[in-house]
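Have a look at the structure below, then the notes.
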Amino acid sequence: MIELTGVTKIYRSGVKAVDNLSLTVQSGELFGFIGPNGAGKSTTIKMMVGLLEPTSGSIKIDGYDIRTQPLEVKKSIAYVPDNPDIYEKLTGIEYLNFIADVYDVPSHLRQERLNYLLDAFDMTNAIGGLIEGYSHGMRQKTVLIGALLHNPSVWILDEPMVGLDPRSAFQLKKMMREHCDQGHTVFFSTHVLEVAERLCDRIGIIDRGRLVACGTLEELRHGQRNESLEELFLQLTDEETVQGAQSEQQ
Ligand SMILES: Nc1ncnc2c1ncn2[C@@H]1O[C@H](COP(=O)(O)OP(=O)(O)OP(=O)(O)O)[C@@H](O)[C@H]1O
């Protein structure tokens, strides 16, 4: 379960990247987080995983507060950043063993999970090679495998499908769904609205740091028409529409 309450982030530059964001993702839910470039998705995610400190507000993951119980949170989560920048001078398997050591994954479980994940992402043959020789997609898959190795309950993934080939993307989406069906939680950001539309139980739309909509697709449509998520997204994040609605309320 993920709980954000009144979370705001103002960077030193003065940019308010996230503005009083509150949302809850229940256990068993697959939650998609979408928004235009620069809307505040990665900033929100970095605060959820403890890489950035919120200016105000609180964040709890599986009941643990990221500010006061950061280690408990980090044991409970898988984090995949928006860019797979990893140690190039290691081989894939050296990197994964390093991550498994950091997370204290026992050796018998380590081998079992490695075999499963390497096979699932078609990386078994490549994992002995140096990361500097990997393509973007291979690096992304190595990061994903590392993030899932300690079998965390809450997956927090920043644009995880970028660079993945169709088979790997399919595999990841299947694993995300299965993880939630087992009662766990997945929160991921994406620009691919069709994926969010088809995969997610609920969707949050962030624009200029504010959560402008949150709910099931049906709820986002307000029960009115059969609008696609793309149409809803364009309406909700259109500057003129938003300004018009705001001035009507005043
Ligand atoms: N380290 C930083 N210092 C100052 N401002 C930042 C920093 N990182 C992000 N920002 C600003 O915060 C705002 C939100 O950025 P963020 O990266 O969270 O957006 P995003 O929704 O993830 O965007 P994208 O879809 O392009 O990845 C933007 O205005 C961005 O310029």
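Taken together, the values in this text are just the output of simple stated rules run on the coordinates, not laboratory data. Predicted model, so just to flag it, every value in this text is computed and none were measured. Glycine gets a Cβ as well: all are built from the backbone with ideal geometry, and neighbour counts include every protein chain shown.
Calculate the dipole size of segment 153-196 relative to its Cα centre from +1 charges on Lys and Arg beta carbons and -1 charges on Asp and Glu beta carbons; express the result in debye to the nearest 20.
On the way: 4 positive and 6 negative charges, 27 e Å.
For this selection, approximately 120 debye.
Any idea what the dipole of segment 13-129 comes to, in debye rounded to 20, about its Cα centre with Lys/Arg Cβ at +1 and Asp/Glu Cβ at -1? Walk me through the numbers on the way to the answer.
Details: 10 positive and 15 negative charges, 66 e Å.
Its charge dipole is roughly 320 debye.
Which whole-number percent is the relative contact order of segment 101-240 (Cα, under 8 Å, 6+ apart)? Mind dumping the intermediate values first?
Values: 108 pairs, mean separation 23.4, N = 140.
After rounding, I find 17 percent.
Which is farthest toward the positive dipole end of the chain among LEU149, LEU30, HIS108, measuring Cα position about the Cα centre, with Cβ charges +1 (Lys, Arg) and -1 (Asp, Glu)? After comparing all options, I get HIS108. Remark: C-alpha extents of segment 83-222 on the principal axes read 51, 30, 27 Å, sorted largest to smallest.
Each of GLY163, THR185, MET175 was placed along the dipole of segment 107-227 (beta-carbon charges, centred on the mean Cα), and the one lying farthest toward the positive end is THR185.
Taking every alpha-carbon pair under 8 Å whose residues sit at least 6 apart, the chain reaches a relative contact order of 27 percent. Translational diffusion coefficient, Stokes-Einstein: compute it for segment 1-70 using the Kirkwood radius over C-alpha pairs as Rh, at 4 °C and 1.567 mPa s, and state it as an integer in µm² s⁻¹. Rounded, D is 105 µm²/s. Based on alpha-carbon atoms, the Kirkwood radius and the radius of gyration of the chain give Rg/Rh equal to 0.99. ASN20 sits among other residues whose Cβ lies under 11 Å from its own Cβ, and their net charge, with Lys and Arg +1 and Asp and Glu -1, is +2.
Charges were assigned to the Cβ only: +1 to each Lys and Arg, -1 to each Asp and Glu. The resulting dipole of the chain about its Cα centre is roughly 480 debye.
Length gained on full extension, LYS16 to ASN83, computed as 0.36 nm times the residue gap minus the Cα-Cα distance: 21.9 nm. Specify the inter-centroid distance of segment 161-187 and segment 101-155, based on alpha-carbon positions, in whole Å. Comparing the Cα centres of segment 161-187 and segment 101-155, I get a distance of 15 Å. Evaluated on segment 77-143, the Kirkwood hydrodynamic radius is 12.2 Å, with distances taken between all distinct Cα atoms. Computed extension length for GLU194-GLU112: 26.2 nm, one decimal, from 0.36 nm per residue of separation with the Cα-Cα distance subtracted. Summarised in one figure, the compactness ratio Rg/Rh of segment 1-137, Cα atoms and Kirkwood Rh, is 1.02. Specify the residue with the greatest mean-square fluctuation among HIS184, HIS136, HIS150, computed from a Gaussian network of the chain linking alpha-carbon atoms under 10 Å apart. The residue that fluctuates most here is HIS136.
What is the fewest-to-most order of MET47, MET161 by other Cβ atoms lying within 10 Å of their Cβ?
Details: MET47 25, MET161 19.
Least to most surrounded, the residues fall as MET161, MET47.
How much FRET efficiency would the formula 1/(1 + (r/R0)^6) give for HIS222 and THR5, where r is the Cβ-Cβ distance and R0 is 22 Å, rounded to 0.05?
Values: r = 25 Å, r/R0 = 1.15.
FRET efficiency, HIS222 to THR5: 0.30.
One Cα centroid belongs to segment 4-73, the other to segment 197-223; the line between them spans 17 Å.
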